[in-house]
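Reviewing the structure listed below.
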Amino acid sequence: MTTLVPVFDLDGTLLDSDEALVVPFLRLGVPREEIGFGEPVAEACARLGVQLDAYVDAYDPATAHPFPGVDELVAHLGRWAVCSNKHPRAAKADLARWGWAPTVALFSDAFDWGQKRLAPVFDALGVLGTGVLYVGDSEHDRATAAEAGCAFALAGWNPRAEPSPGDLVLAEPADVLEHLG
């Protein structure tokens with residue numbers, strides 16, 4: 001049996017960060033009802049009429065926390081990666097705050113500030129898509145995994161995550177380990 005390398009989305013998957021992502025927009029005058037999740041940060045800022053640097057300056061990594069069980073999961077992982085639409089400065093601050101050191105971590109700048117793609121992560125890890133389990137919380141994540149030809153698992157521990165037919169839905173972070181082979 002092949003051992004899969006886990007690759008994670010960051011916000012909404014490893015981090016319970018919805019409010020941490022919303023507050024900078026609110027501080028910059030954006031109405032709450034116009035704010036969404038999963039969109040590349042540069043695209044969200046452009047759509048909402050906010051300067052990217054101003055948004056990142058207003059982001060406070062102290063307000064984003066791991067979902068229960070994520071620290072324990074990360075402690076059991078050897079080789080793993082993060083692939084996220086988040087700004088690299090904010091994402092690196094989050095990883096440093098929690099002492100997480102993925103083998104590979106790629107953020108919006110690695111994707112020309114557009115939608116994240118898994119192929120560069122696979123290249124950096126030296127694996128094919130068939131050797132990866134991508135864990136995410138959104139339709140964007142599901143589509144990213146499908147485009148890359150890898151297995152997808154929904155972070156069902158996030159109450160905002162909505163399963164689609166055929167999804168592997170994980171109830172808690174430790175469930176990831178059961179699906180790595």
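Just so you know, all these numbers are worked out from the coordinates, no wet-lab data involved. A quick note: this is a predicted structure, and the numbers were derived from the prediction, not measured. FYI the Cβ positions are ideal-geometry reconstructions off the backbone, even for glycines, and counts take in every protein chain you see.
Helix 139-148 and the long axis of the chain differ in direction by around 50°, with both axes built from C-alpha atoms.
For ASP112 and HIS76, the FRET efficiency from 1/(1 + (r/R0)^6), where r spans their Cβ atoms and R0 equals 41 Å, is about 0.75. The charge dipole of the chain, taken about its Cα centre with unit charges on the Cβ of Lys, Arg, Asp and Glu (plus for the first two, minus for the last two), comes to roughly 400 debye. Quick one: grab the alpha carbon gyration tensor of region 126-178, order the square roots of its eigenvalues as a ≥ b ≥ c, and give me rounded if a/c is under 1.5, else prolate or oblate depending on whether a/b is larger than b/c. Oblate shape, in that a/c is at least 1.5 and b/c is the bigger or equal ratio.
Taking all Cα pairs closer than 8 Å and separated by 6 or more residues, the relative contact order of region 18-58 comes to 44 percent. A simple packing score, the average count of other Cβ atoms within 10 Å per residue, orders the peptides 27-34, 156-163, 138-145 as 138-145, 156-163, 27-34, with the highest score first.
Only DSSP H runs of four or more residues enter the estimate; each adds -39500 (n - 2.57), and after division by the residues of the chain the mean residue ellipticity at 222 nm equals -9500 deg cm²/dmol.
Between the amide H of ASP11 and any residue lying 5 or more places away or on another chain, no distance stays under 5 Å, with hydrogens modeled in the peptide plane. Relative to the dominant Cα principal axis of the chain, helix 88-98 is inclined by about 60°.
Averaging the sequence gap over all C-alpha pairs within less than 8 Å and six or more residues apart, then dividing by the number of residues, gives the chain a relative contact order of 28 percent.
Here region 69-181 is treated as a Stokes sphere of Kirkwood radius computed over C-alpha pairs; at 37 °C and 0.692 mPa s its diffusion coefficient rounds to 226 µm²/s. Modelled this way, with points 7 Å down the Cα-to-C-beta line, the labels at ASP53 and THR130 are 4.7 nm from one another. Each label point was placed 7 Å from the Cα along the Cα-to-Cβ direction; for LEU168 and ALA143 their separation is 2.3 nm. What shape does region 18-58 have by the C-alpha gyration tensor, where a ≥ b ≥ c are the square roots of the eigenvalues, rounded means a/c under 1.5, and otherwise prolate means a/b greater than b/c and oblate the rest? Because its axes are fairly even, with a/c under 1.5, region 18-58 counts as rounded.
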